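The block underneath contains the structure these notes are about, expressed in structure tokens.
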Amino acid sequence: MKILIAGDGKVGETLTKELADEGHDLILIDRDATVLEATAGKYDVMTLRGNCASMDTLRDAGVGDADLLIAATGLDELNLLTCLTAHSMNGKLHTIARIHNPEYMGQIYEMRDRFGLSMTFNPEKQTAVEIDRLLKFPGFLKRDAFAHGRLEIVELRIDRQSKLCDRTLYNLPAIVNCRVLICAVLRDGVTYTPNSGDFTLQEGDRIFVTASSDDLSTLLRNLGIVTHKVKRVMLVGGGTISYYLAETLLERRVSVSIVERDPEQARYLSEVLPGADIILGDASRQTLLDSEGLADSDAVVSLTGLDELNILVSLYANRRGIPQTVTKLGRMEDTSIIENLPVGSIVSPRKLSCNNIVRYVRAMQDQTGAAVAVHHIADGQAEAIEFHLDGTAANTDVPLKKLSLKKNVLIAGILRGSEVIIPGGNTTFRAGDTVVIVVSGDTVLLRFNDIFE
């Protein structure tokens with residue numbers, strides 16, 4: 001497909017990488033020639049310097065025969081104008097706009113047809129939702145939901161004291177005493193798909209476990225991971241993510257304090273979040289964090305605009321014994337650099353946003369059997385993809401042990417009606433099921449039937 005991406009920032013570059021890897025014809029538009037040159041040096045894409053909302057620029061980019069435009073600049077108004085202009089020039093064009101300002105969310109939904117919007121995405125809101133999910137289940141590094149939240153893939157780290165350390169997958173059912181499936185293991189930067197019961201888990205492994213949402217508490221309890229309800233959270237950095245997250249936490253009667261160094265932003269937060277404790281100060285000063293009750297917090301979430309500061313704050317919170325830490329990384333691409341550092345859960349706004357857009361693009365390519373959801377796991381080395389099976393699904397009612405699947409493809413979970421099925425060799429799937437597939441390596445699955453040899 002021919003896709004125009006307006007805005008070569010963090011989100012735009014991540015989208016460029018993901019969509020270029022899938023073979024799409026991409027044209028990247030930005031005002032900054034230096035940024036465009038850097039991106040063009042990394043990926044096989046065309047670039048165009050100019051104002052993405054200008055009809056002349058869009059015409060030069062070939063908007064007339066484009067299939068999709070993604071407006072991902074840092075300005076909501078520019079994104080909306082770009083989509084409006086582009087759609088007026090090509091009525092068949094699909095458009096996706098990045099919107100982050102909370103004040104716009106309601107009216108954008110009501111006016112989406114007037115702006116010619118096919119979809120909007122909000123990296124800050126999505127990140128806040130992800131962090132809230134993590135805070136509800138301390139103990140998991142990451143959680144990805146499928147099948148309307150009935151099935152999840154959760155990430156855990158194996159340390160020396162873990163009940164799973166040096167144990168084979170044969171031992172797993174007796175240890176966790178609930179139905180789960182380890183669908184991927186990240187070890188020393190390499191992703192493995194366990195395909196036999198004698199696979200041995202080792203200290204330092206990050207494992208990705210498929211389980212029913214109802215079994216998550218049982219899984220943590222039987223692994224000896226002590227969790228407690230989060231009652232007090234400190235947010236470091238008072239940006240848009242903190243606003244969305246604080247709003248949600250306050251609704252759940254969680255005590256929230258926000259550390260923000262900019263006086264004007266701190267004043268704004270105190271007005272829109274009257275239930276939160278707004279602290280004006282520099283989060284890089286450990287004495288400030290201590291004096292404002294860091295040690296009494298159940299969780300510390302580092303959300304400043306500097307990755308380095310977020311990492312340092314999380315390291316300090318861990319040293320002070322805070323039960324749960326969450327670290328936002330905005331620019332760092334290779335998170336394996338800090339894989340062994342105790343920074344808790346890592347969230348990346350741009351990667352969270354890209355998951356939904358990639359799913360939308362794949363659905364545009366082939367409506368029949370297309371993915372319902374796409375999540376990246378194992379530091380982006382694997383994908384967990386949700387499909388809803390219709391009458392075109394191949395090999396229905398055939399036991400999984402008799403199927404010939406492509407290399408590095410694993411059927412991780414099935415939802416049938418209200419029943420969550422963690423698959424075994426005798427499990428079958430049928431039309432109407434929701435199926436979650438995990439795939440690693442270079443394999444790209446556009447349709448469910450692509451999983452078969």
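The values are calculated or read from the model by the stated rules, or taken from the named source; none is laboratory data. Note that the structure is predicted; figures quoted are calculated from it, not measured. Note: ideal-geometry Cβ built from the backbone for every residue, glycine included; neighbour counts use all protein chains shown.
Of all residues in the stretch 142-150, at least one satisfies being over 28 Å from M55 (Cβ atoms) and in a loop (DSSP other than H, G, I, E, B).
Pairing each residue of the stretch 10-31 that is touching a residue at least 40 places away in the same chain (Cβ under 8 Å) with any residue that is of a type in the set (K, R), provided the two are 6+ apart or on different chains, yields C-beta distances under 6 Å for K10/R350; V11/R350; T14/R350. For the stretch 25-34, taking the residues that are in contact with a strand residue (DSSP E or B) (Cβ under 9 Å, 6 or more places away or on another chain) and surrounded by fewer than 19 Cβ atoms within 10 Å (Cβ to Cβ), the one that is nearest to D442 (Cα to Cα) is identified as D25. For the stretch 362-381, the count of residues that are in contact with a Pro (Cβ under 8 Å, 6 or more places away or on another chain) and either assigned by TED's automatic domain parsing to the domain that holds L151 or not aliphatic (A, V, I, L, M) (or both) is zero. Taken over the stretch 416-447, the criterion of being in a strand (DSSP E or B) and over 27 Å from E18 (Cβ atoms) is satisfied by R416, E419, V420, I421. For the stretch 255-265, the count of residues that are of a type in the set (D, E, K, R) and under 23 Å from G149 (Cβ atoms) is zero. Taken as a whole, the structure places S353 among residues that are touching a Phe, Trp or Tyr at 6+ places or on another chain (Cβ under 8 Å) and part of a helix (DSSP H, G or I). Per the conditions (1) under 26 Å from V343 (Cα atoms); (2) touching a residue at least 24 places away in the same chain (Cβ under 8 Å), the sole criterion not satisfied by R133 is (2). Would the stretch 335-345 turn up any residue that is surrounded by fewer than 17 Cβ atoms within 10 Å (Cβ to Cβ) and free of Cβ contacts under 8 Å to residues at least 12 places away in the same chain? Looking for residues that are surrounded by fewer than 17 Cβ atoms within 10 Å (Cβ to Cβ) and free of Cβ contacts under 8 Å to residues at least 12 places away in the same chain, one finds at least one in the stretch 335-345, hence yes.
The stretch 1-74 holds strands (runs of 3 or more DSSP E) entirely within its bounds, and those carrying 2 or more residues that are under 22 Å from F121 (Cβ atoms) map to 2-6, 25-30, 68-71.
Okay, residues lined up against (1) of a type in the set (S, T, Y); (2) assigned by TED's automatic domain parsing to the domain that holds T304; (3) modelled with pLDDT of 90 or more; (4) assigned to a loop (DSSP other than H, G, I, E, B):
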residue: H87; (1), (2), (3), (4): no, no, yes, no
residue: H100; (1), (2), (3), (4): no, no, no, yes
residue: Q107; (1), (2), (3), (4): no, no, no, no
residue: S162; (1), (2), (3), (4): yes, no, yes, yes
residue: C165; (1), (2), (3), (4): no, no, yes, yes
residue: Y170; (1), (2), (3), (4): yes, no, yes, no
residue: A174; (1), (2), (3), (4): no, no, yes, no
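Here the condition is being crowded, with 18+ Cβ neighbours inside 10 Å, touching a strand residue (DSSP E or B) at 6+ places or on another chain (Cβ under 8 Å) and among the acidic types (D, E); of E124, E37, E130, it holds for E130 alone.
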